[in-house]
Amino acid sequence: MNKSAIRIASLALSAMTAFSLVGCGGGGNESSGAGKGEQKYNTETRPVVFAIDALDGNFNPFFATSLTDSNVAAMTQIGMLTTDKDGNVAYGKDEAVVALDIRETKLNADGNKVSDEADATFTEYEFILKNGIKFSDGTPLTVKDVLFNLYVYLDPMYMGSATIYSTDIVGLQAYRMQDPNANEDMDESSLNADFYNQADQRISDIVAYLDGENDTTPVGDEAQIKKDIARVKELFREEVESDWTMSVGSVESYEKEYNFTEDWQIYYFTHNVVRIHTVQGKKQKFPEDHVHAGKYITNLDEEAGLQENGGNYNPDIKGEIDDAQSDATIAEYIAKHDLKDETGATKEAQAREMIIKDTAINTVYDAYTGTDDGIIEILYYWATGSNIRDEFAAEEKSEYYQDIKDRNDGELLVKNISGIRTYKTTKDFGGNDLGASHDVLKIKINKVDPKAIWNFGFSVAPMHYYASGSPALAAAQNATVPSSEADWANYSTFGVDYSNEPFFKDILQSAEKNGKPVGAGVYMATNETGSGTVDRTNFYKNNWVYYERNPHFYTVLGDGTDTSNNAKIKYFRYRVVGSDKIMSALETGIVDLAEPNATMDNIADLNGLSHINHIEYATNGYGYVGINPKYVPDIEVRQAMMMAMNTAVTIKGYYSSELAKTLYRSMSLESWVYNFAYNEGEYAEGVTEWHEIAYTTDTAKIEAKVQQAGWTKDASTGLYTKDGKTLTYTFTIAGGTTDHPAYNMFMDAAKTLNSCGFDITVITDVSALTKLATGQLAVWAAAWSSTVDPDLYQVYHKDSKATSIKNWGYKEIYEDDDQFGYEQGIIDELSEKIEIARTMTDKPSRAAIYQEALDLIMQLAVELPTYQRNDCTAYNKDVIDVTTLNSNATATAGVTNRLWELNYN
Amino acid sequence: MFKYIVERLLLSILILFGVSLILYIVVWNMPVSYLETIAYKDPTVDGAKRLQELKEYYGLNGTMLQGYWGWLVNLFKGDLGTSFKYNQPVEDVIFKNMGVSFGISLVATVLQLVIAVPLGIKCAVNQYGKLDYIVTFLVMIGISFPTFFFANILIKVFAMDLGWFEIGGLQSNLPTDATGWTRFWDMIWHLVLPMLTLVILSIGSWVRYTRTNTLEVLNADYIRTARAKGLSENTVIYKHAFRNTLIPLVTVLAGTLPSLFGGAMITETIFDIPGIGNIAYQALQAGDIPFIMGYNMFIAVLTIIGILLTDIMYAVVDPRVKLGD
């Protein structure tokens, strides 16, 4: 190397040293001791840094999709509710949430409170909102903001990740579909069914109106009913006229059979006005006037006949028809219908025919339409009844679309969600005086849904920020939230432009709003200098997210006046660190807190770092292996596969007994159900493996299972066969790598099974979760993230519409009675238990039902729970005051769940 | 030449159209679908229904050709669409994150040239000499290293063990009152390792290229003539040979345009640098159709411009070449 090269190299080296000095000086900010004498780090100048995985930069609280983006947005938001360490709903003065008090009431169909949940038609949730909360920009958080958030989440145009719309709120579907009769299971055919329901209602209204016996029966619009009755008569006349035409066409055949010679005879015969009389069991082939011939009737029910014909017989039909053909009437008909030929001769015969026709028709028409009972009979027994029903339904349908059309011109058919209302109160739900008037949000849902409450913990983002730029904002700001049901009927100003694409795409999701969240959370968005304009370009910049203490946060806690409830540390930052470098970041001190995976290797490394402490807590979810009966129809084969899987391997090989636990039923170990059902109930000694699928290395046992299902081993290939098929399956690991807890277990199981006559391959698949959602995987390893409530409806109930039931092949199971009779029985029973458990809130009784339900799931042999691992939060103990962290963190109350209390050493 | 450029540009439109169609077919058939991921995220809701709603919302409920047509129509309206993943207009995401990638690549390219060209010439002059062997050996090592491997070695040695640099990112945890100068140097400090990675791994090919070209030039008749005239070796090499060596180099340089703006996907990802390469990598993994289309078309346009520039530069620096005549 010549001299110049050496010079360049030394220059580069000195430059590097200079940079590194800059870097070292960067994160220091140790307190000089002034003001915060006892603190090692200055809370007013040193930003605290949490590590976060890659961000997408979509920090809109409504539309953030990734977990990390949601976390960034959540820092600036408060929710309606939160959860405590045991997974119960938490609210009130001590929690940073909007709800001061909540109440859940079960109601019957009439809206009265019921004590027995089984009688509940509705469940009503009421939330008293705190007064005086302010968003970080100083604007008050009011009930209008709460309604705005709800109406964004529940709008049909909302395409974000929140699934509040899946809760069966009363009137929600009506609002979303703008169809007053819509319900949860609405589709095209049920929409038509509803038009028929409305038609039936109109028919019922007519009947009720005509039925004078019950005067209290409410009838609809009287003018409409009269119009409908007139229409019924019109249709009835059309029907009897058409019958006449048919009778005329039938003369020949009737004459042949009954010796009828005249049209009117056939016509009356077909309308039961005249009957064939029988004498001594012999059919006499001529018609008789019914009343005149009463003496001949032997085996016909005269009473029924009278009733059928409105009880209004003309005593002398033949005579009447003869009388009608008077000279005067004939002349009248000739004149009226111009019945003359070219020569001017009158067509008397034709006139007579017409008179006979009209008389005959009028006889029947008058007999029915002349009385209320007759009209009711038309509706119930005549073709006119079903014709008018079709006509009414068509009218309703056309009206429905006309209404939608009108709505598109600016008017909503369903103004709001009838199950969401607000009112004011001065007392909490315990009857204590609140000292001031508070707004109460009331949400009514259909039936009982223990999970619903978790959907109502949504964050409350400011309407004035997120709706800005839309005329809907000003309208909502100027409107007064109704206080009476009558006012609610026409209220629709929630700051949301209903189902309006530009509103949802350009206003709510403008680049600025997606890039910079605003709310009432512990921190608010800032930039790297903490001054000047804060916008999407400097809030998240160069893989840093900048926050500053929200000066109004204290308004949400306590009585809302103690400013010391604001965040202790002024500046908070997220630093994007790739998941593979989390440990290095902790080690080199570039982040103060991070959440590495709690694997054996990581925990060992953390234990080796003197400046790092970590807190572990069980994650609220568990790993499992699923087998889809669609592909593995024989239950014995599914059980055989499970018998070959040693769930202990998932823990031994990947975590350790401290970092993960084995579980034997499809329910998180963190759930109170698991604790109640298996620690205090029948399984007080501890739950064990389900006996039918207990792990074994004995291949003879596994083969015996397979043989039970009728599989036989092909001597030449060594594979089991049945109906020309072999046991060829793919075990899929959900994810792109074999670095998965279940991988070794799958490999071992595949080896065992292949030695028994199976043909198993183990693969990894990045798209596994999508394939799973469409029921494309036969055997797979994945994980459930559990919800706080143990409800199993969505995942296991036979009527669930959720994606997850595709995993279990329910559709195929219910399509093949021969193959899946046994499974159907189990699923029916399981569904029944799930339904019962849903209607209960008493934990021990509910847990007992779930215990049976979970055993049924094991019996079904579609899911093998494998392990439940821990999560981990690691922090720099030199920097962070450990007493300000939640050391007893759980899955539902994290280490920094009271972030505003976080402080430095 | 003007006519030639116009012809080439018109041809480029046709090429871009073909490229976009092929891209769309590939992207449409990717195993990852962003909409499916979102729709099926919560297994306790009716994912199929949600997917349908999402597809309608994003106008992807038709066939692949309908989807492509929709994309093309929007493109002609100057709309590249909105990225699913980043929920921002595709062009915004590209331009917002392009700066840092361009900065890194530009500096790295300049450094590569500043180091590689003199080294290449030296090696050529001292062909089969000690320096030639040493440099060839070292640059071959550089060429052979995979990016992720070399980058991680740098991080391990210089960030983890020696503590001279941070393990990644663009900025330290600077106080709010840090000066602009401090922030600037802090960023440069963070860029040392990524740039070192890029320079060391790419320098080899430039050295080899310069060496080969120089050797070719040195064997040319006019060099022999120059030497015969009795010019000093330095004048022969740096005045006569050097200029001619540059001709092929300049043309190749024009071809590096896409890599300047397109970002260094692997390097940026390893060093957690929010450049366009890193952003594109994540979008690719997520199956973000609008972004992948937009980004790849951006690269395609740059590539076509790069090739065109190469041809034009060739004509500019080499008077013997005439275009379009």
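When B:THR210, B:THR197, B:THR235 are checked against the criterion of being open to solvent by 40 Å² or more (accessible area, probe 1.4 Å) and either among the polar types (S, T, N, Q) or assigned to a helix (DSSP H, G or I) (or both), a single residue qualifies: B:THR235.
I want to confirm something. Restricting to region A:353-378 and keeping residues that are farther than 18 Å from A:VAL207 by Cα and polar (S, T, N, Q), which single residue is most open to solvent (accessible area, probe 1.4 Å)? Top of the filtered list is A:ASN362.
Close contacts from region A:598-613, counting a first residue that is closer than 17 Å to A:SER887 by Cβ and a second that is of a type in the set (S, T, N, Q), with Cβ to Cβ under 6 Å and a gap of 6+ residues or different chains, come to A:ALA598/A:ASN870. Of all the listed residues (A:SER531, A:SER499), the sole one being without any contact (Cβ under 8 Å) to a residue 12 or more places away in the chain, open to solvent by 30 Å² or more (accessible area, probe 1.4 Å) and out of contact with any strand residue (DSSP E or B) (no Cβ under 9 Å at 6 or more places or on another chain) is A:SER531. Listed by position, the strands (runs of 3 or more DSSP E) enclosed by region A:479-595 that each have at least 3 residues that are more than 13 Å from every other protein chain (Cβ to nearest Cβ) and closer than 20 Å to A:PHE135 by Cβ are A:523-525. Filtering region A:55-62 for residues that are at pLDDT 90 or above and part of a helix (DSSP H, G or I) leaves an empty set. Restricted to region A:787-905, the set of helices (runs of 4 or more DSSP H) holding at least 3 residues that are free of Cβ contacts under 8 Å to residues at least 12 places away in the same chain and surrounded by fewer than 21 Cβ atoms within 10 Å (Cβ to Cβ) comprises A:817-838. Of the residues that make up region B:3-26, is at least one outside any helix (DSSP H, G or I), surrounded by fewer than 18 Cβ atoms within 10 Å (Cβ to Cβ) and touching a helix residue (DSSP H, G or I) at 6+ places or on another chain (Cβ under 8 Å)? Scanning region B:3-26, I find no residue that is outside any helix (DSSP H, G or I), surrounded by fewer than 18 Cβ atoms within 10 Å (Cβ to Cβ) and touching a helix residue (DSSP H, G or I) at 6+ places or on another chain (Cβ under 8 Å), so the answer is no.
Across region A:646-669, the number of residues qualifying as assigned to a helix (DSSP H, G or I) and among the polar types (S, T, N, Q) comes to 1. Summed over region B:223-273, residues that are over 25 Å from B:TYR209 (Cα atoms) and under 15 Å from the mean Cα position of the chain (by Cα) total 3. In region B:37-52, the qualifying residues are those that are part of a helix (DSSP H, G or I) and open to solvent by 50 Å² or more (accessible area, probe 1.4 Å), and the one that is farthest from the other protein chains (Cβ to nearest Cβ) is B:GLN52. Does B:ASP272 qualify as being within 24 Å of B:ILE104 (Cα to Cα), open to solvent by less than 20 Å² (accessible area, probe 1.4 Å) and at pLDDT below 90? It is true that B:ASP272 is within 24 Å of B:ILE104 (Cα to Cα), open to solvent by less than 20 Å² (accessible area, probe 1.4 Å) and at pLDDT below 90. Taking the criterion of being buried (at least 16 other Cβ atoms within 10 Å of the Cβ) and either β-branched (Val, Ile, Thr) or farther than 12 Å from A:VAL460 by Cα (or both), the residues of region A:129-139 that qualify are A:LYS130, A:ASN131, A:ILE133, A:SER136, A:THR139. Residues that are more than 10 Å from every other protein chain (Cβ to nearest Cβ) and farther than 21 Å from A:THR866 by Cα within region A:763-784 comprise just one, A:GLN776.
The residue of region B:78-108 that is nearest to the chain's Cα centre (by Cα), among those that are open to solvent by less than 20 Å² (accessible area, probe 1.4 Å) and either among the hydrophobic types (A, V, I, L, M, F, W, C) or more than 14 Å from chain A (Cβ to nearest Cβ) (or both), is B:SER105.
Can you find, within region A:63-76, the residue that is farthest from A:VAL143 (Cα to Cα) among those that are buried (at least 21 other Cβ atoms within 10 Å of the Cβ) and either touching a strand residue (DSSP E or B) at 6+ places or on another chain (Cβ under 8 Å) or modelled with pLDDT of 95 or more (or both)? Filtering region A:63-76 for residues that are buried (at least 21 other Cβ atoms within 10 Å of the Cβ) and either touching a strand residue (DSSP E or B) at 6+ places or on another chain (Cβ under 8 Å) or modelled with pLDDT of 95 or more (or both), the one farthest from A:VAL143 (Cα to Cα) comes out as A:VAL72.
Could you list, in sequence order, all residues of region A:618-642 that are assigned to a loop (DSSP other than H, G, I, E, B) and open to solvent by less than 20 Å² (accessible area, probe 1.4 Å)? Matches in region A:618-642: A:ASN628, A:PRO629, A:VAL632, A:ASP634.
Only residues that are assigned to a helix (DSSP H, G or I), within 7 Å of chain A (Cβ to nearest Cβ) and open to solvent by 10 Å² or more (accessible area, probe 1.4 Å) were counted in region B:151-188, giving 4. Only residues that are within 13 Å of another protein chain (Cβ to nearest Cβ) and more than 16 Å from B:GLY169 (Cβ to Cβ): list them for region B:189-230, please. Matches in region B:189-230: B:VAL199, B:ILE200.
Residue selection: B:LEU72 fails the criterion of being within 14 Å of chain A (Cβ to nearest Cβ) and either modelled with pLDDT of 85 or more or open to solvent by 30 Å² or more (accessible area, probe 1.4 Å) (or both). Taken over region B:243-297, the criterion of being among the polar types (S, T, N, Q) and within 14 Å of chain A (Cβ to nearest Cβ) is satisfied by B:THR267, B:THR269, B:ASN278, B:GLN282, B:GLN285.
Checking each residue in region B:109-123 for being open to solvent by 60 Å² or more (accessible area, probe 1.4 Å) and either within 13 Å of chain A (Cβ to nearest Cβ) or in contact with a Ser or Thr (Cβ under 7 Å, 6 or more places away or on another chain) (or both) picks out B:LEU111, B:VAL114, B:ILE115, B:PRO118, B:LYS122. Here A:TYR151 does not qualify as hydroxyl-bearing (Ser, Thr, Tyr), within 25 Å of A:SER671 (Cβ to Cβ) and not in a loop (DSSP other than H, G, I, E, B).
The listed residues are B:GLY70, B:GLY59, B:GLY47, and the only one of them that is at positive phi and among the small types (Gly, Ala, Ser) turns out to be B:GLY59. Of the listed requirements (1) over 36 Å from the mean Cα position of the chain (by Cα); (2) within 14 Å of chain B (Cβ to nearest Cβ), A:ASN613 misses just one: (2).
Determine if region A:733-746 includes at least one residue that is surrounded by 15 or more Cβ atoms within 10 Å (Cβ to Cβ), of a type in the set (A, V, I, L, M) and under 29 Å from the mean Cα position of the chain (by Cα). So far as region A:733-746 goes, yes, one or more of its residues are surrounded by 15 or more Cβ atoms within 10 Å (Cβ to Cβ), of a type in the set (A, V, I, L, M) and under 29 Å from the mean Cα position of the chain (by Cα).
Quick grid of which residues meet (1) at pLDDT below 90; (2) surrounded by 14 or more Cβ atoms within 10 Å (Cβ to Cβ):
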{"position": "A:VAL687", "(1), (2)": "yes, yes"}
{"position": "A:ILE693", "(1), (2)": "yes, yes"}
{"position": "A:LYS713", "(1), (2)": "no, yes"}
{"position": "A:GLY724", "(1), (2)": "yes, no"}
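State all residues of region A:798-827 that are over 28 Å from A:PHE746 (Cα atoms) and either within 11 Å of chain B (Cβ to nearest Cβ) or within 19 Å of the chain's Cα centre (by Cα) (or both); if no residue qualifies, say none. Result: A:LYS798, A:ASP799, A:SER800, A:LYS801.
The values are calculated or read from the model by the stated rules, or taken from the named source; none is laboratory data. Small disclaimer: the values here were computed from a predicted structure and weren't measured. As a convention, Cβ positions derive from the backbone with ideal geometry for all residues, glycine included, and neighbour counts pool all protein chains shown. Each accessible area value is taken on the protein alone, full model and side chains, heavy atoms only, with ligands, DNA and RNA left out. Shrake-Rupley method; radii C 1.70, N 1.55, O 1.52, S 1.80 Å.
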